[in-house]
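Participant: Got a structure for you, questions after.
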Amino acid sequence: MSQFNIPNRQDVPLLDQWDLTHLFQHESDWESAYTTSEKQVELFDSFKGTLHQSKEQLLKLLHLLTQEGILLERIMQYAFLQQTSDGGSSTYQHRYGKAQQLITLFSSKTSFIEPEIMAIDEPTLQSWLALAEFDDYRVMIQKMLRFKDHTLDQEQEKIMALQQEVGSKASEAFGALTNVDLQFGTITTDEGKVPLTQSTFGSLLQHPSRSVRRRTYNKFYKVFDQHKHVLTQLYDAAVKQSMFRSRVRSYPSTLEMALFPDNVDKNVYENLIQTVHNHISLLHRYYEIRKRALGLKKLAHYDVYVPLVKDVKVTHTYEEAVELIKEAMAPLGQEYVDTITRGLTTDRWVDRYENKGKRSGAFSSGTFSGPPYILMNYKEDVLRDVFTLAHEGGHSMHSYYSAKSNPYSSYDYTIFEAEVASTFNEQLLAHHMIQKADSKELEAYIVGKQIDDIVATLFRQTMFAEFEMIVHHSAEQGEPITVDSLTSKYRSLLEFYFGKDVQLFDVSALEALRIPHFYRPFYVYKYATGLSAAIALAEGVLQHKEGAKERYLSFLHSGGSHYPIDALKKAGVDMSSATPIEDAMDFFNELLDRYEQLIV
Ligand SMILES: [Zn+2]
């Protein structure tokens, strides 16, 4: 579709849009729900200071919290989805703004609840929780109580909340500097001058011309070199903020503070890094294949993203993509296949194509009381979009089953688990499409995509995770954070992960200063563990291992009823052991064997 025939929102056929009437039949119903919710939220005040009085009082509060929570979630979902479908609509902007105000009001009206529940005499509270009336709330409250030792008294918590605004400034300043203030100029290509920005950097590094890639790389990092001192200060501030919070809240370290909410042990994190280290020669093998495939004597750091296989010329209409997904998901059984097929077609979970003002990319968003929804910008000639649809469909099915099988207070799964359900579906789709592939090109494209995903997710995110661990640990030992200390630590990691076949430059280590994820400490490792788990689980299901399918489906139903490591154990993978990561590495090695036959 050219720029000229992208339709306006009001011209998109209804069947290509998601069906928001599952949430509210008419827009006026949203308005009346809003009024109801606004009144209901005032009721919380009367509970202040009373939760310890009796179990009946606590239950009454929990019922209200559930009722209001479910309603509010629908109100927000509706406004959010509309807003993403047409960001230019002032009606939608207004509605979304109103929904956000309501959420803020709800948060302030309910902020007394957690501290008050934690303050209830523990044996009394536990005796209440043992009763059947508390079935729907037990998981939520037990999870809440774990934080008791790390929660301060009311006055101190107030100070912490006030400090939070200052504390997040380093990250905001980093965003403003790198996305707005820094100017990178333009890159001359055969197709004309291309502005170099944060978002074109990635695509220019995939340019077939080596000269374009080299100039892009040098120009981009030159700007970071000119700002390396301020970038180091900002990152230092973010690390210090994290240390401040972990110390005030009595966590042994920043790492342990970050892992605490998911109840993940430090050894899961360390085990990931160690296992990837043990198999690093596989990544080096990949770069060696890449070097040969590109016909280069030396592979430079700016040559590691250029695709080795061009996007194959195949087209899939949306309906054909759904058909492929349907066939690929067959190992999960008829019920799964029927539900996802209906969701992607007649039940209209999906907003299918691009229109003016619509958010780019793709996402899945679920709630407790409505169907999950998927935003796509599906293009028939982009093979990757078929995978994206399968990916978002995986998230949606996870949301769908979790909402169906759990009480509201504990239906939602964690980010740790989220990427398992989505990348699992991509594995099944890749397997199916390779079996069906009628050309070497198509097979090479799919194998290449799987390899790229593992390199980008499992290896690269683990390198990031290791860097974060090293930096935080040395800062906690009192070592100052300087430009040199950061770049030399990062440089050694680059050398270890890329191996001797990849040529690095003086500016290469400046990458450490441009990764936005580092401003959310110890988060990226979840991508690596998620993909490893998905690969291991998909292999189990595809090889028809006894009970593998049933275990995986029960994981999709588990929502937030367990901590992520326990939920995944039930699914069949133990993330505290090396096995799932080793399985993923074996799988990567097989992909490399096949890739070598196909392309070199
Ligand atoms: Zn995802």
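Participant: Being within 16 Å of the ligand (Cβ to nearest atom) and either buried (at least 17 other Cβ atoms within 10 Å of the Cβ) or assigned to a helix (DSSP H, G or I) (or both), is that true of even one residue in the range 429-438? Before the answer, list the steps.
Facilitator: Restricting attention to the range 429-438, the residues satisfying the condition of being within 16 Å of the ligand (Cβ to nearest atom) are 429-430.
Checking the rest, the ones that are also either buried (at least 17 other Cβ atoms within 10 Å of the Cβ) or assigned to a helix (DSSP H, G or I) (or both) come to 429-430.
So far as the range 429-438 goes, yes, one or more of its residues are within 16 Å of the ligand (Cβ to nearest atom) and either buried (at least 17 other Cβ atoms within 10 Å of the Cβ) or assigned to a helix (DSSP H, G or I) (or both).
Participant: Among (1) in a helix (DSSP H, G or I); (2) more than 27 Å from the chain's Cα centre (by Cα), where does Lys500 come up short?
Facilitator: Failed condition: (1).
Participant: Between Thr200, Thr189, which is in contact with a His (Cβ under 9 Å, 6 or more places away or on another chain) and polar (S, T, N, Q)?
Facilitator: Values: Thr200 fails: in contact with a His (Cβ under 9 Å, 6 or more places away or on another chain).
None of the others qualify; the one that does is Thr189.
Participant: How about the range 378-397: which of its residues are touching an Asp or Glu at 6+ places or on another chain (Cβ under 8 Å) and either over 20 Å from Glu323 (Cβ atoms) or within 13 Å of the ligand (Cβ to nearest atom) (or both)? Working first, answer last.
Facilitator: The initial filter retains those residues of the range 378-397 that are touching an Asp or Glu at 6+ places or on another chain (Cβ under 8 Å), namely 378-379, 382-384, 387, 390-391, 394.
Answer for the range 378-397, where residues must be touching an Asp or Glu at 6+ places or on another chain (Cβ under 8 Å) and either over 20 Å from Glu323 (Cβ atoms) or within 13 Å of the ligand (Cβ to nearest atom) (or both): Phe387, Ala390, His391, Gly394.
Participant: Does the range 439-480 hold any residues that are more than 15 Å from Leu598 (Cα to Cα) and assigned to a loop (DSSP other than H, G, I, E, B), and which are they?
Facilitator: Initially, the range 439-480 is screened for residues more than 15 Å from Leu598 (Cα to Cα), giving 452-480.
Hits for the range 439-480 are Gln477, Gly478, Glu479, Pro480.
Participant: Looking only at the range 177-209, which residues are charged (D, E, K, R) and under 20 Å from Glu511 (Cα atoms)? Quick ask: steps written out before the conclusion?
Facilitator: Narrowing the range 177-209 to residues charged (D, E, K, R): 181, 190-191, 193.
The one that is charged (D, E, K, R) and under 20 Å from Glu511 (Cα atoms): Asp181.
Participant: Starting from the range 295-313, take each residue that is farther than 19 Å from Arg460 by Cα and list its partners that are among the acidic types (Asp, Glu), counting only C-beta distances under 6 angstrom and pairs at least six apart or across chains.
Facilitator: Val312/Glu441
Participant: Out of all the residues in the range 546-571, which are among the basic types (Lys, Arg) and touching a residue at least 12 places away in the same chain (Cβ under 8 Å)?
Facilitator: If we filter the range 546-571 for residues that are among the basic types (Lys, Arg), which is where we start, we get 549, 551, 569-570.
Scanning the range 546-571 gives Lys549, Arg551, Lys570.
Participant: Of the residues in the range 542-600, how many are assigned to a loop (DSSP other than H, G, I, E, B) and hydroxyl-bearing (Ser, Thr, Tyr)?
Facilitator: So in the range 542-600, the residues assigned to a loop (DSSP other than H, G, I, E, B) come out as 543-547, 558-563, 572-578, 600.
Going one step further and asking which of them are hydroxyl-bearing (Ser, Thr, Tyr), we end up with 558, 561, 563, 576-577.
Of the residues in the range 542-600, 5 are assigned to a loop (DSSP other than H, G, I, E, B) and hydroxyl-bearing (Ser, Thr, Tyr).
Participant: Here's something else I'd like to know. What's the total number of residues in the range 331-371 that are free of Cβ contacts under 8 Å to residues at least 24 places away in the same chain and more than 16 Å from the ligand (Cβ to nearest atom)? Give the derivation first.
Facilitator: Filtering the range 331-371 for residues free of Cβ contacts under 8 Å to residues at least 24 places away in the same chain gives 334-335, 337-338, 341-342, 346, 360-361.
Next, only the ones that are more than 16 Å from the ligand (Cβ to nearest atom) stay: 334-335, 337-338, 341-342, 346.
Counting residues in the range 331-371 that are free of Cβ contacts under 8 Å to residues at least 24 places away in the same chain and more than 16 Å from the ligand (Cβ to nearest atom) gives 7.
Participant: Hey, can you tell me all the residues within the range 355-367 that are out of contact with any Pro (no Cβ under 9 Å at 6 or more places or on another chain) and more than 20 Å from Ser199 (Cα to Cα)?
Facilitator: Keep residues of the range 355-367 that are out of contact with any Pro (no Cβ under 9 Å at 6 or more places or on another chain), which gives 357-363, 367.
Within the range 355-367, just Thr367 meets the criteria.
Participant: Are any residues in the range 353-364 within 21 Å of the chain's Cα centre (by Cα) and buried (at least 17 other Cβ atoms within 10 Å of the Cβ), and if so, which ones?
Facilitator: Step one: list which residues in the range 353-364 are within 21 Å of the chain's Cα centre (by Cα), which gives 358-364.
The answer is Lys358, Ala362, Ser364.
Participant: Which helices (runs of 4 or more DSSP H) sit wholly inside the range 189-307 and have at least 1 residues that are of a type in the set (Lys, Arg), at pLDDT 95 or above and surrounded by 15 or more Cβ atoms within 10 Å (Cβ to Cβ)?
Facilitator: It comes to 210-226, 228-248, 280-294.
Participant: Which of the numbered conditions does Ile415 fail, given that it passes all the others? Conditions: (1) more than 16 Å from the ligand (Cβ to nearest atom); (2) within 16 Å of Gly559 (Cβ to Cβ).
Facilitator: (1)
Participant: Of the residues Asn425, Asn406, which is of a type outside the set (A, V, I, L, M, F, W, C) and either away from the ligand (no atom under 16 Å from the Cβ) or on the phi > 0 side of the Ramachandran plot (or both)? So that I can check it myself, show each step before the final result.
Facilitator: Details: Asn425 fails: either away from the ligand (no atom under 16 Å from the Cβ) or on the phi > 0 side of the Ramachandran plot (or both).
Result of the check over Asn425, Asn406: Asn406.
Participant: When you go through (1) more than 30 Å from Arg290 (Cα to Cα); (2) modelled with pLDDT under 95 one by one for Ala437, which number turns out not to apply?
Facilitator: Result: Ala437 fails condition (1) only.
Participant: Something else: Could you please tell me which pairs satisfy a Cβ distance under 7 Å, a separation of 6+ or placement on different chains, a first residue in the range 114-138 that is within 17 Å of Ser410 (Cβ to Cβ), and a second residue that is part of a loop (DSSP other than H, G, I, E, B) and among the aliphatic types (A, V, I, L, M)?
Facilitator: Matching pairs, first to second residue: Ile117/Leu51.
Participant: Follow-up. Tell me, yes or no, whether the range 6-13 has at least one residue that is in a helix (DSSP H, G or I) and loosely packed, with under 13 Cβ neighbours inside 10 Å. Reasoning before the result, please.
Facilitator: Our first condition is that a residue be in a helix (DSSP H, G or I); within the range 6-13, this holds for 9-11.
Narrowing further to those that are loosely packed, with under 13 Cβ neighbours inside 10 Å: 10-11.
Yes: the range 6-13 contains one or more residues that are in a helix (DSSP H, G or I) and loosely packed, with under 13 Cβ neighbours inside 10 Å.
Participant: Scan Lys326, Lys358, Lys313 and give me the residue that is at pLDDT below 95 and either in contact with a helix residue (DSSP H, G or I) (Cβ under 9 Å, 6 or more places away or on another chain) or small (Gly, Ala, Ser) (or both).
Facilitator: None of the other options fit; the residue is Lys313.
Participant: Further, regarding this structure: Quick one: in the range 136-175, which of the residues that are of a type in the set (A, V, I, L, M) and at pLDDT 95 or above is farthest from Lys48 (Cα to Cα)? Quick ask: steps written out before the conclusion?
Facilitator: The initial filter retains those residues of the range 136-175 that are of a type in the set (A, V, I, L, M), namely 139-141, 144-145, 152, 159-162, 166, 170, 173.
If we keep only those that are at pLDDT 95 or above too, we end up with 139-141, 144-145, 170, 173.
On the way: Val139: 23, Met140: 20, Ile141: 18, Met144: 18, Leu145: 19, Ala170: 35, Ala173: 38 Å.
The qualifying residue farthest from Lys48 (Cα to Cα) is Ala173.
Participant: From the residues in the range 381-419 that are outside any helix (DSSP H, G or I) and within 14 Å of the chain's Cα centre (by Cα), which one is surrounded by the most Cβ atoms within 10 Å (Cβ to Cβ)?
Facilitator: So the first thing to find is which residues in the range 381-419 are outside any helix (DSSP H, G or I), and the list is 381-382, 406-407, 411-414.
Restricting the remaining residues to those that are within 14 Å of the chain's Cα centre (by Cα) gives 413-414.
Details: Tyr413: 26, Thr414: 17.
For the range 381-419, the residue satisfying everything is Tyr413.
Participant: Further question: Going by what's in this entry, would Thr487 be described as touching a Ser or Thr at 6+ places or on another chain (Cβ under 8 Å) and surrounded by fewer than 22 Cβ atoms within 10 Å (Cβ to Cβ)? Step through it out loud before you land on a result.
Facilitator: Working: touching a Ser or Thr at 6+ places or on another chain (Cβ under 8 Å): no; surrounded by fewer than 22 Cβ atoms within 10 Å (Cβ to Cβ): yes.
No.
Participant: Just to verify a result, which residue in the range 170-186, among those that are more than 25 Å from Ser242 (Cβ to Cβ) and of a type in the set (S, T, N, Q), is surrounded by the fewest Cβ atoms within 10 Å (Cβ to Cβ)?
Facilitator: Once the filter is applied, the top-ranked residue is Gln183.
Participant: List the number of the failed condition for Trp18; all other conditions in (1) touching a Lys or Arg at 6+ places or on another chain (Cβ under 6 Å); (2) assigned to a helix (DSSP H, G or I); (3) over 20 Å from Tyr408 (Cβ atoms) hold.
Facilitator: (2)
The values are calculated or read from the model by the stated rules, or taken from the named source; none is laboratory data. In this text, all values refer to a predicted model and were calculated from it rather than measured experimentally. Glycine gets a Cβ as well: all are built from the backbone with ideal geometry, and neighbour counts include every protein chain shown.
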